[in-house]
Every structure is written in C-alpha cells, then in structure tokens.
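A short worksheet on the structure shown next.
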Amino acid sequence: MLGLTRWNSVDDFFTLRRQLESVFDQFWNELPDRTAAGHSPSFQVTTTDDGWRIDVPLPGIDPRNVNLDAAGHTVTIRAEQPASSNASAARYEQSFAVPQFLDVERMSASYRHGMLQLTLPLKDSVKPRRIHIEGITDQKQISSAA
C-alpha cells in the first residue's frame, strides 16, 4: 500500500476552480480596450424623495462631445471623443427606458469630474401630498350654574 494517496474531492474542486479562474482572467485581459465602440460603462441609480439620480461615468470625455436625447420614455446618451496624441478615439452610446412615474420633460443633466449626472423628478401626479381634513372644530361648551 505504498504510494497510494487518499482521494480528496475538496482539493480537486479548488484546483479546478483555480484553473478556471486562470482561463477567465486570461480571456478578460486579452480583450480590446474597454473604451472602444460599443462599451457600456455601468451607471448607478439612486432614488431620492423627489425622483431618481442616475450617475454615468464618462471619464476622459469632453462634456461638449456628449449628447443627451429624450423621446417618449427613452433616454439616449451619446458621447464621442476624437482621437488625440495621448489616447485613441472613444465612443459611447446607451439607451434606457425611464419608468412612467418619472417626468422626462423636467429631466436635468450636469457633468463634473468625468461623471454625467441625470436628475429625473417624480411626476406631480405620483408625489405624495397632504390632504386637509375638514371637520367640526372642537367647541367648548360653557355651562352656567344657576
């Protein structure tokens, strides 16, 4: 019984996992530059009491090269940075549907430090509002002792 080792399925599982991670790491590292056409950077949506704020990272893109279009309940962001001596051309385009309870007509946008920030307010019809309740006011009765 010399030279026999006990089979350990846990060790084999972790060995296989490390090999698969190596293959995926190699695949992702060999992809072309992520600023190439068709790349969609992730964006973050934050809800507020007044609506939604959407932050879209567009680092290295001049805000003058960013176009924002709204048609119906669809918002489209297009950005194109021409090639320069330091960097290759970058292009970004993404469209997304906006829920109907947000007011696209009153949407605003700002750009600061490579971050495009969209503000979409709630429609007035879905905002909570305080309703005044009319009723009988408390009146004190005055009783006289006779």
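Remarks
- Linear extension gain, residue 112 paired with residue 132, 0.36 nm per residue minus alpha-carbon span: 3.0 nm
- Taking θ as phi - 60° and the Karplus parameters 6.51, -1.76 and 1.60, the scalar couplings of segment 64-79 work out to 5, 9, 9, 10, 10, 10, 10, 9, x, 10, 10, 10, 10, 10, 10, 9 Hz in sequence order, x denoting glycine and proline.
- Cα-based shape type of segment 44-126, given that a ≥ b ≥ c are square roots of the gyration tensor eigenvalues and the cut on a/c is 1.5: prolate
- Near the amide H of residue 51, within less than 5 Å, lie the amide hydrogens of 122, all on another chain or at least 5 residues away, with H placed in the peptide plane.
- Rounded to the nearest Hz, the phi-derived 3J(HN,Hα) couplings of segment 83-89 under the Karplus curve 6.51 cos²θ - 1.76 cosθ + 1.60 (θ = phi - 60°) are 5, 10, 5, 8, 9, 7, 5, where x marks glycine and proline.
- Sorting 66, 126, 75 by the number of Cβ atoms found within 10 Å of their own Cβ, with the fewest placed first, yields 126, 66, 75.
- Sequence-ordered 3J(HN,Hα) estimates for segment 97-114 from the Karplus curve with 6.51, -1.76 and 1.60 and θ = phi - 60° stand at 8, 9, x, 5, 7, 9, 9, 5, 5, 9, 5, 10, 9, 9, 9, 8, 6, x Hz, glycine and proline given as x.
Read the figures in this text as sums done on the coordinates, not as results from a lab. No experiment lies behind these values; they were computed from the predicted model shown. Ideal geometry is used to build each Cβ from the backbone, glycine not excepted, and the neighbour counts take in all protein chains shown.
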